[in-house]
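Visitor: Below are the structure tokens for one structure; questions will follow.
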Amino acid sequence: MEPAGMDYFCEQVQQKDVGRRMQVGQELLEYLSDPARSTDLEQDQQRLDKVIDELTAWVNSSNFKVRL
């Protein structure tokens with residue numbers, strides 16, 4: 001099942017489970033690397049900002065795999 005777009009990622013990046021974060025991180029990378037799939041990226045700046053804020057928290061995570 002393909003992610004729906006930024007709505008999906010906005011919800012998923014808030015997950016606390018390390019395994020789920022790893023999976024969502026890979027899905028997000030694939031989504032962002034395919035311009036045909038990420039057409040809604042610039043449509044909702046607030047949602048994009050929220051995803052980025054959550055990813056910033058991942059970078060500060062104590063789990064080295066999540067940080068990577």
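The values are calculated or read from the model by the stated rules, or taken from the named source; none is laboratory data. Everything numeric in this text was worked out from a predicted model, so none of it was measured. Cβ placement follows ideal geometry from the backbone for every residue including glycine, while neighbour counts extend to all protein chains displayed. Heads up: the accessible areas ignore ligands, DNA and RNA and are worked out on the full protein's heavy atoms, side chains in. Shrake-Rupley method; radii C 1.70, N 1.55, O 1.52, S 1.80 Å.
Visitor: Going by average Cβ neighbours within 10 Å, how do the peptides 12-18, 22-28 rank, with the highest at the top?
Guide: My ranking of the peptides, most packed first, is 22-28, 12-18.
Visitor: Something else now. Grab the alpha carbons of the chain, take their convex hull, and tell me the volume per residue in Å³.
Guide: Enclosed volume per residue, from the Cα hull, is 79 Å³.
Visitor: Where does helix 18-33 land angle-wise versus the long Cα axis of the chain, in degrees 0 to 90, nearest 10?
Guide: Its long axis makes an angle of about 30 degrees.
Visitor: Using a 1.4 Å probe on the protein heavy atoms, what percent of the accessible area of the chain belongs to carbon and sulfur?
Guide: 50 percent
Visitor: Can you tell me the relative contact order of the chain? Whole percent, Cα pairs under 8 Å, sequence separation 6 or more.
Guide: Reported relative contact order: 37 percent.
Visitor: For the chain, with every protein chain kept in place, what is the accessible area per residue (1.4 Å probe, Å²)?
Guide: Roughly 71 Å² per residue, with all protein chains present.
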